[in-house]
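The values are calculated or read from the model by the stated rules, or taken from the named source; none is laboratory data. Quick caveat: nothing in here was measured; it's all calculated off a predicted structure. Please note: Cβ atoms are built from the backbone with ideal geometry, for glycine as well, and neighbour counts cover all protein chains shown.
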Amino acid sequence: MSQQSERSPGPHATSRRRAHVLVIEDSRTFSSLLCHRFEKEHGLKVTHCASTKAFHEAANAVDQPFDAAVVDLNLPDSPDGQILDEVVAMGIPAVVFTADFNRHMRERLVERGVADYVIKNNERAVDMVVAAVERILSNRHVRVLVVDDVTSARKMLTDLLKVQQFQVFEATTGSEALDMLERHPGIDMVLTDYNMPDMDGYELTRRIRREYGADRLRIIGISSSADRLLSASFLKAGANDFVYRPFVVEELQCRIGHNIETLSQMRQLRLAAFSDYLTGLRNRRHFFDEGPARVASCLERGEACSMAMLDIDHFKQLNDTYGHEIGDRVLKAVATRLSSLVEDSDYLLARLGGEEFGILLTGMDCERASLFCETVRRCVAELRVALDDTDIAVTASIGVAEVAGLENFSNYLNAADQFLYLAKRYGRNRVYSDNTLLRMLATGG
């Protein structure tokens, strides 16, 4: 079973389209605060309605569907919260924002399938509403697997998760769950029952933990058993949390939310550890951590693979002449250009240190890699970094070496470095590789 790829759930996975939030609120103070926060702080598109009539007009005229709604239950033309039923019927995940709240209302809201509710009589009420909407929007990128052989129990969980906008997968046995994880390596969380026909929840949890660490995937055990030691056994097997049935909906929602938030924070820490602080590219540590597996995968599939090493020409002289601040701007400009060139590809790009960058070009033999690096060289040469009333031109030298077989990863980089040395020795602002030398021999150059 393969590890899932490095990615960040939650707030770090954002849609290219600006999310559209509907705010149904007749209080000028609350509506102004919410609209301002959503638009200015979070970059969301907002439609505000102060009445049911305004909502109907907006719903008919909208050119982009609503991704979430904040709904005040007590509007002048909807005193009993009828507008909430309309919002839910349209399939819009709703956060109820209300001043009146009691146990009966809470049960009605849960039955109606609202995503969350916030009581206005709270000094952090607006913060809580904004957080709830952000959570709903980020949940759309989070995958949760529900494992339970009882249809009704599984449906109860999946319905609750779908209200929260999670992507939901289902399995009826432990074996099916393991197969699902292998076929969908992006799954972030597993909710598993204890009693199942082929293996119990302990065994499933143990098997998952052999392949996926807690920083990759979270596990929550669920059971209707009266055995109070069951939770401890699940946690010892590797689960991150446990909930007894019958559960309180809000409690389960909070436990799921806390685990997803923890997972997101852990991934942010991993990303920070593997990122270059100045350019935002992956760093040398990540390059050497990720690179060997990618090379091995290419060789196993019989695919070509090449290593490229890029060095910014005369960088020390540039630093000495203009200062380190300008040097940093050059580094960031080159990094941005390189990122755009490898975007939407499987190539591994990193800043190796100083003015050196490494690119592992999977699926490319030396000839194709050299042509690609020639494009890279030209694109870097087109860069101009502004300095007062003038611009600084930037060039780079690149060495390319094809991966011939399975070796120590540093050997590939050393081979590319040898060609980089030749590129700098014979004039800079050029690409050198095996192909370059063969052409020179053929032409007598």
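Just the residues that are surrounded by fewer than 18 Cβ atoms within 10 Å (Cβ to Cβ) and hydroxyl-bearing (Ser, Thr, Tyr), please, taken from segment 21-67.
27, 29, 32, 51, 52
I'm trying to understand the selection: among the residues of segment 225-244, which are in a loop (DSSP other than H, G, I, E, B) and either of a type in the set (A, V, I, L, M, F, W, C) or in contact (Cβ under 8 Å) with a residue 60 or more places away in the chain (or both)? Walk me through how you get there before you give the answer.
Of the residues in segment 225-244, the ones in a loop (DSSP other than H, G, I, E, B) are 225-229, 238-240.
Once the filter is applied, which keeps residues that are in a loop (DSSP other than H, G, I, E, B) and either of a type in the set (A, V, I, L, M, F, W, C) or in contact (Cβ under 8 Å) with a residue 60 or more places away in the chain (or both), segment 225-244 yields 226, 229, 239.
For segment 136-154, indicate whether the set of residues that are crowded, with 20+ Cβ neighbours inside 10 Å, in contact with a Phe, Trp or Tyr (Cβ under 7 Å, 6 or more places away or on another chain) and under 22 Å from residue 50 (Cβ atoms) is non-empty.
No: zero hits.
Here is a list of conditions, (1) aliphatic (A, V, I, L, M); (2) at pLDDT below 85; (3) touching a Gly at 6+ places or on another chain (Cβ under 7 Å), and residue 62 meets all of them except one; can you say which number that is?
So residue 62 meets the others, but not (3).
Can you pull out the residues in segment 378-412 that are assigned to a helix (DSSP H, G or I) and closer than 14 Å to residue 305 by Cα?
If we filter segment 378-412 for residues that are assigned to a helix (DSSP H, G or I), which is where we start, we get 378-381, 409-412.
409, 411, 412 - these are the residues of segment 378-412 that are assigned to a helix (DSSP H, G or I) and closer than 14 Å to residue 305 by Cα.
State which residue pairs qualify: first residue under 17 Å from residue 261 (Cβ atoms) and inside segment 195-224, second residue modelled with pLDDT of 95 or more and β-branched (Val, Ile, Thr) in any location, beta carbons under 6 Å apart, and separation of 6 or more residues or different chains.
Final answer for the pair search is 219/190; 219/205.
I need a count of the residues in segment 245-275 that are outside any helix (DSSP H, G or I) and closer than 30 Å to residue 290 by Cα. Before you say what the answer is, go through the steps one by one.
Taking segment 245-275 and keeping what is outside any helix (DSSP H, G or I), we get 245-248, 274-275.
Cutting the leftovers down to closer than 30 Å to residue 290 by Cα gives us 274-275.
Total satisfying the criteria: 2.
Can you name every residue in segment 264-304 that is β-branched (Val, Ile, Thr) and farther than 17 Å from residue 407 by Cβ?
279 - this is the single residue of segment 264-304 that is β-branched (Val, Ile, Thr) and farther than 17 Å from residue 407 by Cβ.
More than 30 Å from residue 175 (Cβ to Cβ), at pLDDT 95 or above and assigned to a helix (DSSP H, G or I): is that true of residue 33 in this structure? Break it down into steps so the answer makes sense when it comes.
Numbers: more than 30 Å from residue 175 (Cβ to Cβ): yes; at pLDDT 95 or above: yes; assigned to a helix (DSSP H, G or I): yes.
Judged against the criteria, residue 33 is a match.
Quick check: is even one residue across segment 289-296 modelled with pLDDT of 95 or more and of a type in the set (Asp, Glu)? I'd like the intermediate steps shown before the answer.
From segment 289-296, those modelled with pLDDT of 95 or more are none; that's our starting set.
The answer is no; no qualifying residue exists.
Would a scan of segment 314-325 turn up a residue that is aromatic (Phe, Trp, Tyr), in contact with a Pro (Cβ under 9 Å, 6 or more places away or on another chain) and either surrounded by 16 or more Cβ atoms within 10 Å (Cβ to Cβ) or in a strand (DSSP E or B) (or both)?
Narrowing segment 314-325 to residues aromatic (Phe, Trp, Tyr): 315, 322.
Adding the requirement that they be in contact with a Pro (Cβ under 9 Å, 6 or more places away or on another chain) leaves none.
Within segment 314-325, not a single residue is aromatic (Phe, Trp, Tyr), in contact with a Pro (Cβ under 9 Å, 6 or more places away or on another chain) and either surrounded by 16 or more Cβ atoms within 10 Å (Cβ to Cβ) or in a strand (DSSP E or B) (or both).
Just one of the numbered conditions (1) touching a Gly at 6+ places or on another chain (Cβ under 8 Å); (2) touching a residue at least 60 places away in the same chain (Cβ under 8 Å) is not true of residue 271; which one?
(1)
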